[in-house]
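The values are calculated or read from the model by the stated rules, or taken from the named source; none is laboratory data. Here the structure is a predicted model, which means the values were calculated and not measured. With ideal geometry, Cβ positions are generated from the backbone for all residues, glycine too; neighbour counts draw on all protein chains shown.
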């Protein structure tokens, strides 16, 4: 049976998530697929902090049989979304839904905001992510897009795909 995986690039608004994913696709904003370790991944650049409702719709419509591997942005906002299920927090709801579909979840966290290293993804937010899957924190301050993309590629190859691929 084919593995079903979602690897998230995690950070807050204006943190460098989309720029990291653009660098991962060699600067091509329109490229939607990338191959790492012989496995094809669909790439979703926009995050739940860009267009929350569209993000939720996109994630809820994923079919692990037609899109088994995905790399996506995620803002670790564990808060409610007005037009969504008021009993669950948006990030929590999306992650639960994906896991319920059989996806394994992985998180690569950009710890520091570009240009403002005092702004960080908090320990509480990182703890929430650990509830869903492996987490790796990228701590380099003001790293170039290409450096972040190279580290993300290594994370996907070594952690998401694992040594067996």
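Every residue, every condition in (1) surrounded by 14 or more Cβ atoms within 10 Å (Cβ to Cβ); (2) modelled with pLDDT of 95 or more; (3) outside any strand (DSSP E or B); (4) within 14 Å of the chain's Cα centre (by Cα), yes or no:
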| residue | (1), (2), (3), (4) |
| --- | --- |
| 54 | no, no, yes, no |
| 65 | no, no, yes, no |
| 76 | yes, no, yes, yes |
| 80 | yes, no, yes, no |
| 84 | yes, no, yes, no |
For the stretch 8-34, enumerate the residues that are touching a residue at least 24 places away in the same chain (Cβ under 8 Å), assigned to a strand (DSSP E or B) and surrounded by fewer than 24 Cβ atoms within 10 Å (Cβ to Cβ).
34
Which members of the stretch 124-153 meet the condition of being touching a strand residue (DSSP E or B) at 6+ places or on another chain (Cβ under 9 Å), surrounded by 15 or more Cβ atoms within 10 Å (Cβ to Cβ) and not in a strand (DSSP E or B)?
125, 126, 129, 132, 133, 134, 143, 148, 151, 152, 153
Which numbered condition in (1) part of a helix (DSSP H, G or I); (2) over 17 Å from residue 152 (Cα atoms) is the only one that residue 50 fails?
(1)
Hey, among 94, 121, 156, which residue is surrounded by 13 or more Cβ atoms within 10 Å (Cβ to Cβ) and either touching a helix residue (DSSP H, G or I) at 6+ places or on another chain (Cβ under 8 Å) or modelled with pLDDT under 90 (or both)?
94
Per-region count, the stretch 97-118, residues at pLDDT below 90 and either under 19 Å from residue 47 (Cβ atoms) or touching a helix residue (DSSP H, G or I) at 6+ places or on another chain (Cβ under 9 Å) (or both):
3
